[in-house]
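Novice: This structure is in structure tokens; I'll ask about it shortly.
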Number of protein chains: 2
Amino acid sequence: GDTVTVADYLLQRLIQLGVTQMFGLPGDFNLGSYMRFITCLLTRLMLLESSYRFLGTYMPPDATILIQFIPIVVQDYVEDSPITWVGNCNELNASYAADGYARVKDSSLGVILTTFGVGELSATNGIAGAFSEHVPVLHIVGVPSTTQQKSKPMLHHTLGDGRFDAYFKASQQFTISQATLTNAATAGAEIDRILTDCVVAARPVYLMLPTDLVHEKIPSRRLRTPINSLPPQNDAEVEAFVLDEIMKLVNEAEQDVLILVDACAIRHGVKKELEELIAKTGFPVYSAPMGKTAVNETYERYGGIYVGSISHPEIKERVESAKLILSVGGLKSDFNTGNFTYHIPTTRTIELHSDHTRVQFASYHGIGMKNLLPKLTSRLQPHFEDAKEIPVPKFVRPVPEEDNQIISHTWLWPRVSQFFRPKDVIVAETGTSSFGILDVPLPEGAIFCSQILWGSIGWTVGATLGAALAAEDLGLNRTILFVGDGSLQLTVQELSVMLKLGVKPIIFVLNNSGYTIERYLHGENAHYNDITDWRWTKILSTFGGEEGKNCQSYTVRTKDELSALLDDETFANAEKIQLVEMIMEKHDAPRALKVQAELSGQTNRYVLP
Amino acid sequence: GDTVTVADYLLQRLIQLGVTQMFGLPGDFNLGSYMRFITCLLTRLMLLESSYRFLGTYMPPDATILIQFIPIVVQDYVEDSPITWVGNCNELNASYAADGYARVKDSSLGVILTTFGVGELSATNGIAGAFSEHVPVLHIVGVPSTTQQKSKPMLHHTLGDGRFDAYFKASQQFTISQATLTNAATAGAEIDRILTDCVVAARPVYLMLPTDLVHEKIPSRRLRTPINSLPPQNDAEVEAFVLDEIMKLVNEAEQDVLILVDACAIRHGVKKELEELIAKTGFPVYSAPMGKTAVNETYERYGGIYVGSISHPEIKERVESAKLILSVGGLKSDFNTGNFTYHIPTTRTIELHSDHTRVQFASYHGIGMKNLLPKLTSRLQPHFEDAKEIPVPKFVRPVPEEDNQIISHTWLWPRVSQFFRPKDVIVAETGTSSFGILDVPLPEGAIFCSQILWGSIGWTVGATLGAALAAEDLGLNRTILFVGDGSLQLTVQELSVMLKLGVKPIIFVLNNSGYTIERYLHGENAHYNDITDWRWTKILSTFGGEEGKNCQSYTVRTKDELSALLDDETFANAEKIQLVEMIMEKHDAPRALKVQAELSGQTNRYVLP
Ligand SMILES: Cc1ncc(C[n+]2csc(CCOP(=O)(O)OP(=O)(O)O)c2C)c(N)n1
Ligand SMILES: Cc1ncc(C[n+]2csc(CCOP(=O)(O)OP(=O)(O)O)c2C)c(N)n1
Ligand SMILES: [Mg+2]
Ligand SMILES: [Mg+2]
């Protein structure tokens, strides 16, 4: 018809943007919204009739009630929306899941729905992390009615002092745009405004949805114009000038131009443009840690990971001696740059960013790489045919021979590298994992997810859930998680949601008796870096799984045990959720972490008086 | 000596305020502080030599390393501090634990230490809850050095855009005072300022502790003057006037004065003053839900819980017909007042608050109850000897006879009421539990903890840990938790910390297949109110417990099974942590919840178009 409810409007927009899953927990201030989403769930359920994937692997005891329930609620809505509702265990995990989903679902966004106060504030860290790492996440909060927002009664979930805007104010610190819907007339435009900001800036946004507005009718007309998710056009004159400047430097450097890709190349969606640039110029390509998998790591002219002084010496040498560095989507955080140890003079640097360009010392605001890159590629292409001659050491890490059976970091990462398959989604937790995985190449089409800037431990567990759902959606391969025993303890319950939804990640738990990464920073043997010993292989069954049926857990203590498992086809095919506890040494760490910890420890170190 | 380090200063202040436990997680920005606290832990460990309570029940594998480690670190500090370090599983749980600790440890405060950004923001909900419910919690955050705060490098755990004050700004919404230590000269005064605000206002405060200041030396002189935790004196003239006004109304009401106690009587520390007032006047006493256990519930002139229209009819009738209501520490939130259904005219009301007094329509700012109450008591005492004649229906709830074996809410709460012992600490989660427990009396000296205003589910799990530690400290009896299956999923990992520390709560899990309370608000049979079925009796052993040794789990399905368990002396003596899964009906709820849900549902209800 000509009108839709506010909830429908929002949903339609999300569907247009490719959203297929929504994360969160119910609460009485958002039940109105839930009611709406459950209809979608049920629609999907009907479509998939024979499969109970969305209700867990068991036939749910109330399936018949649900089916009876369908006509009442769904009938009016059957036409719409394949968005399914993921009920998470808690809101932090839900925010992590939305983040993980958005990272894999490239041009779409992650969505989390929580209730007022208690729900939304539990997600703060997850939303702030999405801000920090440039991930588009929409945070919808079900809030008291517009009338209550004005009269400010002392409702549950309030601070008790009438400040109904406190959560909104806090959210302003961690989101790029906020909207609090106050009337039907502006609701559609407000939703469009924050959704546009979310996808264009690749940052989280915040939406307050009062209980009474959810089902207000608004015109549907706007829905016919899709949300623009492209960045603004560059000013033609400035852009031409910038291209000339770049070409000057490129010419001066002769063949010796090197491309360094980083986080924002992925987050601001220029992987395609980058691929063209690389293929057509043949320039050598290296990646910062956060840019891992922006470029196919098996590409012959890809040289591996550059992290300043903690890079492999050969990589460091190659990158730092190039005459010109074309940096694409750079994000120079401490852990992403070997604690700020780039040895590349600004005079030899061109930086392409999502919303500006730097050529040596000059900044050009408003000149974004999405539009600049194709033009740059075509300017470059005719010229540098023999840039292809510059040698690039192959990025390979053979499995080292060690004369013991200990699962060491030096052995582990090259070994699992052989296990990866094209289009796998590989998630690595902050800790020894995120350092170890950097050192080895991932296959073609693989997607790497890690929080190298934000570094909130426990993030991967929720993120893996979201990533796995997105991967299914996109027809990618397996989702593989590496997580420390310490980190997994923060968010472990989300494994139960994986069981419920039937996603099938392979989860490698690095059991090294605690917070090894912190031992490198402080308190090598200190009690506060120990954790309680859990029975990791019992976790899945405790959370409702049936070992051997819809889940499988393993403990491996030796290289041979792990190798055998990795070589097992059934295991490798990931037909159910699998958890592999790997027993490792408390004080072992990947080379890069040892060096990094030394570098960053110096800055924060407390020296005993 | 004449100087102490900033960390020592802070610690000494906390010790003076009676703090014995500190909650949180390590991170590299707070390791300096941890280093300091670990020394206290180790000191304590040495003192308790024979017991490994603080390292779990097993002999820790690295005990010898720890012992070797002691001389290096502890030697200089052996003299001080019985504060022990509780390493939590995640920061939200840690904040809940600090909150629970502070609630039980009446005149002290709860302390949580987290790392910059990722750590602190995970605790936001817990801190906001402490604000809402008037709980004194100090949130210490280990942050980058003062130099880094100025130069703003792109460190891990930052938002990546140089806003180093964003977390501070967010914290301003949820804490009553904040301090960011910037130099040694003001550090002591700043610490004192926020600690004073914390304990006087009974609200959370926020402290940023830069890595480089932790071990700066500052004068110790201030430490000789203890922190003042008393509220300011009342203006004598205004106070005298107010007392006259009150006496006028009391005289007019003749004998018919009724005392209604509420949350702030507990939180703002007037339980003693209240006891005097009650004992000396003999006025009938009733309690709002949040005031439960402010007054001994077995006291003969205590009539039970008043919650507006959802009170038991006899209680409602008594309270609403009294000629004058003396309300002490009132906090009129929706769930605390039966959705704002007090039928008591303002003309018949006197309200005593922590920082003001209301007599009918007149407000007297700055006249606080802590100082007013003793004066009021002495003015009242000579007069109303026969107020004691007003009948008060005894607050008892006999166990009903039911002709089935289902563990129903009507049967459950009176039955467990018989199980309680004096000085038990009883914690009830938001959901059917918090409604059910209100209906039954608790024994003398019992402490009741629940979040009736904030209502963040999962809170009780962390809170129980903190409460149990505080209870041990104060020589109280058992800590008993009632928690819904839905709520427990949010924060379940904290059970492992209970195992580690060897605290021994009895945990009743109400397994009613999901979010029953929400079913009463919306979506009776909806999928989003279902949860995955966990194997509850496997939880403790999965988290490292040894069934029968340091933990015990039970499932009870019938009234007889539960009764037998409650009557079992070994069980009742709570010698190890125990978890009791109670199988209950999905759609059953305590009477009060059914009525309340109806009342509050109307406000937030979404009606299908
Ligand atoms: C939410 C949060 N809390 C605390 C920290 C500080 N921290 C960083 S790494 C780490 C320990 C990780 O331990 P584990 O997962 O076992 O990793 P590994 O032993 O492999 O290093 C901690 C506590 C953090 N980054 N995020
Ligand atoms: C952090 C948080 N998220 C969501 C909610 C909304 N909520 C209130 S009660 C509840 C369900 C509680 O279920 P359960 O613990 O099983 O209790 P019961 O079934 O006994 O009612 C939910 C989801 C909340 N109050 N707090
Ligand atoms: Mg570890
Ligand atoms: Mg339940």
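The values are calculated or read from the model by the stated rules, or taken from the named source; none is laboratory data. Only a predicted model underlies this, so the values are computations on that prediction, with no experimental measurement involved. Note that we place each Cβ from the backbone using ideal geometry, even for glycine, and neighbour counts take in every protein chain shown. Ligands, DNA and RNA are excluded from the accessible area calculation, which covers all protein heavy atoms including side chains. Shrake-Rupley method; radii C 1.70, N 1.55, O 1.52, S 1.80 Å.
Novice: List every residue pair whose Cβ atoms lie under 6 Å apart, where the two residues are 6 or more positions apart in sequence or sit on different chains, the first residue falls within segment B:506-529 and is within 14 Å of A:Asn30 (Cβ to Cβ), and the second residue, located anywhere, is modelled with pLDDT of 90 or more and away from ligand 1 (no atom under 16 Å from the Cβ).
Specialist: B:Tyr515/B:Gly486; B:Tyr528/A:Gly87
Novice: Tell me whether segment B:97-108 contains one or more residues that are more than 26 Å from B:Glu216 (Cβ to Cβ), among the β-branched types (Val, Ile, Thr) and outside any loop (DSSP other than H, G, I, E, B).
Specialist: Scanning segment B:97-108, I find at least one residue that is more than 26 Å from B:Glu216 (Cβ to Cβ), among the β-branched types (Val, Ile, Thr) and outside any loop (DSSP other than H, G, I, E, B), so the answer is yes.
Novice: Could you count how many residues in segment A:462-506 are away from ligand 4 (no atom under 16 Å from the Cβ), within 14 Å of chain B (Cβ to nearest Cβ) and among the hydroxyl-bearing types (Ser, Thr, Tyr)?
Specialist: 2
Novice: Quick check on B:Glu444: is it away from ligand 3 (no atom under 16 Å from the Cβ), open to solvent by less than 10 Å² (accessible area, probe 1.4 Å), modelled with pLDDT of 95 or more and not small (Gly, Ala, Ser)?
Specialist: It is false that B:Glu444 is away from ligand 3 (no atom under 16 Å from the Cβ), open to solvent by less than 10 Å² (accessible area, probe 1.4 Å), modelled with pLDDT of 95 or more and not small (Gly, Ala, Ser).
Novice: Ok, one more. Before we move on, is B:Leu376 farther than 24 Å from B:Gly308 by Cβ, at pLDDT below 95 and hydrophobic (A, V, I, L, M, F, W, C)?
Specialist: When the stated conditions are applied, B:Leu376 does not pass them.
Novice: For the list (1) touching a helix residue (DSSP H, G or I) at 6+ places or on another chain (Cβ under 7 Å); (2) more than 9 Å from every other protein chain (Cβ to nearest Cβ); (3) open to solvent by 10 Å² or more (accessible area, probe 1.4 Å), I need the number of the one condition that B:Lys538 fails.
Specialist: Exception for B:Lys538: condition (2).
Novice: Among the numbered conditions (1) within 15 Å of ligand 2 (Cβ to nearest atom); (2) at pLDDT 95 or above; (3) open to solvent by 20 Å² or more (accessible area, probe 1.4 Å), tell me where B:Thr532 comes up short.
Specialist: Failing condition for B:Thr532: (2).
Novice: Hey, can you tell me all the residues within segment B:425-461 that are within 16 Å of ligand 4 (Cβ to nearest atom) and in a helix (DSSP H, G or I)?
Specialist: Those that are within 16 Å of ligand 4 (Cβ to nearest atom) and in a helix (DSSP H, G or I): B:Thr432, B:Ser433, B:Ser434, B:Phe435, B:Gly436, B:Ile437, B:Trp459, B:Thr460, B:Val461.
Novice: Specify the residue that is nearest to ligand 4 (Cβ to nearest atom); the eligible residues are those in segment A:105-128 that are away from chain B (no Cβ under 14 Å) and open to solvent by 10 Å² or more (accessible area, probe 1.4 Å).
Specialist: A:Lys105
Novice: Right, something else. Can you tell me which of B:Ala265, B:Ala294 is part of a helix (DSSP H, G or I), small (Gly, Ala, Ser) and either buried (at least 23 other Cβ atoms within 10 Å of the Cβ) or at pLDDT below 95 (or both)?
Specialist: Every option except B:Ala265 fails the conditions.
Novice: Given the structure, is A:Lys576 under 18 Å from B:Arg535 (Cβ atoms) and away from chain B (no Cβ under 14 Å)?
Specialist: In short, yes.
Novice: Taking interchain pairs and intrachain pairs at least six residues apart, which have beta carbon atoms under 6 angstrom, with the first residue in segment B:162-177 and free of Cβ contacts under 8 Å to residues at least 40 places away in the same chain and the second part of a loop (DSSP other than H, G, I, E, B)?
Specialist: Partner pairs satisfying both residue conditions: B:Gly162/B:Lys152; B:Phe164/B:Lys152; B:Ala166/A:Gln173; B:Ala166/B:Leu159; B:Lys169/A:Gln173.
Novice: Within segment A:515-529, take every residue that is over 25 Å from the mean Cα position of the chain (by Cα) and more than 7 Å from chain B (Cβ to nearest Cβ) and give me the one that is modelled with the lowest pLDDT.
Specialist: The extreme case among them is A:Glu524.
Novice: Sticking with this one: Whether any residue in segment B:229-237 is among the aliphatic types (A, V, I, L, M), open to solvent by 60 Å² or more (accessible area, probe 1.4 Å) and within 28 Å of B:Ile15 (Cβ to Cβ) is what I want to check. Break it down into steps so the answer makes sense when it comes.
Specialist: Taking segment B:229-237 first, the residues among the aliphatic types (A, V, I, L, M) are B:230, B:236.
Pick out the ones that are also open to solvent by 60 Å² or more (accessible area, probe 1.4 Å) and you get B:230, B:236.
Retained after the next criterion (residues that are within 28 Å of B:Ile15 (Cβ to Cβ)): B:230.
Yes: one or more hits.
Novice: Of A:Val199, A:Val135, which residue is under 31 Å from the mean Cα position of the chain (by Cα), part of a loop (DSSP other than H, G, I, E, B), on the phi < 0 side of the Ramachandran plot and in contact (Cβ under 8 Å) with a residue 12 or more places away in the chain? Quick ask: steps written out before the conclusion?
Specialist: Details: A:Val199 fails: part of a loop (DSSP other than H, G, I, E, B).
After ruling out the rest, the residue left standing is A:Val135.
Novice: To continue, here is another question. Against the conditions (1) in contact with a strand residue (DSSP E or B) (Cβ under 9 Å, 6 or more places away or on another chain); (2) open to solvent by 30 Å² or more (accessible area, probe 1.4 Å); (3) under 30 Å from A:Asp560 (Cβ atoms), where does A:Phe395 fall short? Just the number, please.
Specialist: Every condition holds for A:Phe395 apart from (2).
Novice: Another question, then. Just one of B:Leu593, B:Leu562, B:Leu566 is among the aliphatic types (A, V, I, L, M) and either within 16 Å of ligand 1 (Cβ to nearest atom) or within 24 Å of the chain's Cα centre (by Cα) (or both); which is it?
Specialist: Result of the check over B:Leu593, B:Leu562, B:Leu566: B:Leu593.
Novice: Sticking with this structure for a sec: Listed residues A:Ile426, A:Ile457, A:Ile406, A:Ile452; which is open to solvent by 10 Å² or more (accessible area, probe 1.4 Å), among the aliphatic types (A, V, I, L, M) and more than 16 Å from ligand 3 (Cβ to nearest atom)? So that I can check it myself, show each step before the final result.
Specialist: Numbers: A:Ile426 fails: open to solvent by 10 Å² or more (accessible area, probe 1.4 Å); A:Ile457 fails: more than 16 Å from ligand 3 (Cβ to nearest atom); A:Ile406 fails: more than 16 Å from ligand 3 (Cβ to nearest atom).
Exactly one of A:Ile426, A:Ile457, A:Ile406, A:Ile452 is open to solvent by 10 Å² or more (accessible area, probe 1.4 Å), among the aliphatic types (A, V, I, L, M) and more than 16 Å from ligand 3 (Cβ to nearest atom), namely A:Ile452.
Novice: Test A:Glu585 against the criterion of being within 14 Å of chain B (Cβ to nearest Cβ), open to solvent by 10 Å² or more (accessible area, probe 1.4 Å) and away from ligand 4 (no atom under 16 Å from the Cβ), and give yes or no.
Specialist: When the stated conditions are applied, A:Glu585 passes them.
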